[in-house]
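To start, the structure under review is shown below, and the notes come after it.
The values are calculated or read from the model by the stated rules, or taken from the named source; none is laboratory data. On a predicted model such as this, the values are computed, not experimentally measured, just so you know. FYI the Cβ positions are ideal-geometry reconstructions off the backbone, even for glycines, and counts take in every protein chain you see. What goes into the accessible areas is simple: the full protein's heavy atoms, side chains included, and nothing from ligands, DNA or RNA. Shrake-Rupley method; radii C 1.70, N 1.55, O 1.52, S 1.80 Å.
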Amino acid sequence: MSIRIVPLADPHPSASSRRLVWLAVDGDGVPLGSAFLRLFDTEGQDHLAELELSVHPAERRRGVGSELLARAVAGVVAEGRRCVLAQAGAGTPGDRFLAERGFRRVLTLTYARLALVNTVVDTAAGTAAGTAADRPPAGYRLLSWEGTVPDELAGTFTASRRAMDDMPMDDTDYGVVVWDVERVRAAARAVEDRGERLHTVAAVDESDGSIAGFTELVVPGDGKGDGQHYGTGVLPEHRGRGLARWMKAEMIRQVRERYPDLTGLLADTAESNTRMRAVNDALGYRPTHRTFQYQLDL
């Protein structure tokens, strides 16, 4: 079979990354597969690329994936990056494909879902109804917003993003995401541009008014289907007080009230992140599947 690799332009570059795109076609121009290579351009991650490669099931084991991978790796080398990451579901063809081509498994992610139908969460306790209840953490209050962070909170919210710096990533050479106010606002605009809704709940330290932790959730624009959790983090000096569970419980309460047609909430957590997985378990999330993150070192 004749395979031709066609480079395409990325229609949506962002302030922090850009993509190289290739389409694999046969001799008649029929699409066979694609490769999207995201290149991070910001300080702390400018060594890194992420690959998303897919081949039509009917065209697998015919060299299409290998051709696309070769082109993507050449792109990584040309851009001077030292590693490329790719993700595949456990036991899938992609899992086997990456393992056979020199990628090493560096991280396992557990995916979980909270069914919102017939699920009640006690916001004060931060646990599913009927389980042991704790009092809300003393010395803190919750606040929330939709979309871009309000101007008066932009500085302290940006500073709170360092709560994610020590998020368990196992052997992944992920670097450190360096946040400033403009990057925070750009991330919120990207969600809005997709037609989705970004919701944030934050815990505020009442002693000085600073944000001690936050949790984010993205809801489909029509308010139906499943919402997707983004980051949840608590600054190291505020950990051990139950803030993560409290914030996520409040998020669940708010979206249940605001989006009656939302059927579930999705979360993905590093398998080694036992504390966050325990929070999700306490709130009623149930594991659905696992994926592996692979890394190719160049």
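Equivalent ellipsoid of the stretch 133-252: semi-axes from √(5λ) of the C-alpha gyration tensor, largest first, are 22, 18, 16 Å. Per residue, the average separation of C-alpha pairs within less than 8 Å and at least 6 apart gives the chain a relative contact order of 23 percent.
Spin-label model, A115 to A99: label points 7 Å out along the Cα-to-beta-carbon direction sit 3.1 nm apart. Entry for the stretch 204-298 at q = 0.13, 0.16, 0.23 Å⁻¹: log10 I(q)/I(0) = -0.54, -0.77, -1.25, Debye formula applied to identical alpha-carbon scatterers, no solvent contribution. 3J(HN,Hα) couplings calculated from phi for the stretch 41-56 with the Karplus curve 6.51 cos²θ - 1.76 cosθ + 1.60 (θ = phi - 60°) are, in sequence order, 10, 9, 4, x, 9, 7, 9, 10, 9, 10, 10, 10, 10, 9, 10, 4 Hz; Gly and Pro show x. Quick check: from the Cα gyration tensor, does the stretch 21-108 come out rounded (a/c under 1.5), prolate or oblate? It is oblate, given that a/c is not under 1.5 and a/b is not larger than b/c. Taking every alpha-carbon pair under 8 Å whose residues sit at least 6 apart, the stretch 149-298 reaches a relative contact order of 21 percent.
For the chain, the calculated P(r) over all alpha carbon pairs, in 10 Å bins from 0 to the bin holding the longest distance, is 6, 24, 32, 24, 11, 3, 0 percent. Here the Gaussian network model covers the chain, with springs between Cα atoms less than 10 Å apart; of A49, A190, A72, A190 fluctuates the most. Look at the alpha carbon pairs under 8 Å that are at least 6 residues apart: their mean separation over the length of the stretch 163-222 gives a relative contact order of 26 percent. Scalar couplings 3J(HN,Hα) for the stretch 222-238, obtained by applying the Karplus form with A = 6.51, B = -1.76, C = 1.60 to θ = phi - 60°, are 8, x, 10, x, 10, x, 10, 5, 9, x, 10, x, 10, 4, x, 6, 10 Hz; x denotes Gly and Pro. In the context of the full set of protein chains, the chain has a per residue accessible area of 49 Å² (1.4 Å probe).
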